[in-house]
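Structure first, then comments.
Throughout, read-outs are computed from the coordinates displayed, never taken from laboratory work. Keep in mind that what you see is a predicted model, and the values were worked out from it rather than measured. When we count neighbours, we look across all protein chains shown, and the Cβ atoms used for this are built from the backbone with ideal geometry, even at glycine.
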Amino acid sequence: MYFASDNAGPVHPKVMEALTAANAGYALPYGADPIMDEVRARIRALFEAPEAAVYLVATGTAANALALATLCEPWETVFCTAPAHIHVDECNAPEFFTGGAKLTLVPGADAKMTADALRAVIESEETRGVHGPQRGPLSLTNVTELGTVYSVAEIATLTGVAKDHGLATHLDGARLANALAATGARPAEMTWKAGIDAVSFGGTKNGLMGVEAVVLFDPARAWEFELRRKRGAHLFSKHRYLSAQMLAYLEGDLWLELARTANAANARLVEGLKATGVVEYAHPPRANMGFAAWPRAAHKRLHEAGAAYYLWDGSLDGDDPDEMITARLVCDWSARAEDTARFVELVAG
Ligand SMILES: *Cc1c(COP(=O)(O)O)cnc(C)c1O
């Protein structure tokens, strides 16, 4: 019963096979490998963006920080939500790689911002002339950090507010596959057609060993991104092993199959836990992650049975067996039906 994180899961066997197959003979380094040519062509086709620049990096933090650095000047500020990964989980890498840009938080429930809040926050910046931060890019995350999902229409509305102010837009897609599986949208619809300029197409949390693609829909930004990736120490010399993982992910839409599987596992968990009558979900769990509270006594049963997940608040130590404690539950592609069922049984008691 492993629900701690989708990056704690295994690498999909097809990806391991692709790595073994790529491990034959010589291939040119630094992204000049023939597999990368295939990856570039397939990602352009998948995103219906024949001109897009496509790069691979090994962490989502690198993808976000390098993409934002390419979209943002040091004296600007990036608009994001308070729970945004770029704000709380990247050790100030966006600030570092942009050369000192700051982040301005846009309020909103469930890790989603509204157009009104975004407009108000944008208009409250760049009001102090040379003394204050200048307005910079909008950064959204889908699936959000709280397991909720923006619809294509919501993304388009928010990017519209950014564009009204002449601002660029970034989408943290560490779980983009899960958001696409949840909404049924095509990659193009959720990205450039909805006004997104740069997106990361995550793989690590969805069955790869460690690859995220950065897609820049404006090829004029490509060279700067390449320079920043090299200078930021994220240009891999033995690049074919990144390419091979991504190609396996694209082959037969494995990315979508794995995201659907993970989302379905979470849906089973949500349905089962809600039916126990003792579980309260904090945010609408639309993809493969949820935040739910149930009594301490049930947490203790799970803990003793070896279930793995993070507590979001509270602690197992405490006398009150009925105190509600919130957990974060994340399903990856390998979550099995018997494990979600057993988890629910243990909560039910
Ligand atoms: C996991 C995650 C990332 C990437 O994190 P790394 O640990 O740097 O690979 C980026 N954004 C979100 C929303 C994430 O959940």
For the chain, projected area of the alpha-carbon convex hull averaged over all directions, nm²
18.2 nm²
Using only alpha carbon pairs under 8 Å that are at least six residues apart, calculate the relative contact order of the range 13-254 and give it in whole percent.
29 percent
Below 19 Å, Cα to Cα, which aspartates and glutamates can Lys300 reach? Residues fewer than 8 away in the same chain don't count.
Glu280, Asp313, Asp317, Asp319, Asp320, Asp322, Glu323, Asp339, Glu345
For the range 1-95, state which chymotrypsin sites (Phe, Trp or Tyr not before Pro) are in a DSSP loop and have at most 10 other beta carbons lying within 10 Å of their beta carbon.
Tyr26
Given the DSSP H assignment, sum -39500 (n - 2.57) over each helix run of at least 4 residues in the chain and divide by its residue total; what's the result at 222 nm in deg cm²/dmol, nearest 500?
-12000 deg cm²/dmol
Over 26 Å between C-alpha atoms is what I'm after, so list which of Lys193/Lys238; Lys14/Lys274; Lys112/Lys238; Lys112/Lys193; Lys14/Lys193; Lys205/Lys238 land there.
Lys193/Lys238; Lys14/Lys274; Lys112/Lys238; Lys14/Lys193
Express the relative contact order of the range 154-264 as a whole percentage, based on alpha carbon pairs under 8 Å and six or more residues apart in sequence.
28 percent
Spherically averaged projected area of the range 257-348 from its Cα convex hull (nm²):
5.3 nm²
Inter-part distance where the range 259-333 and the range 84-131 are each reduced to a Cα centre, Å:
30 Å
Loop GluC sites (Glu not before Pro), the range 20-58, which have at most 13 other Cβ atoms in a 10 Å radius of their Cβ (DSSP):
Glu51
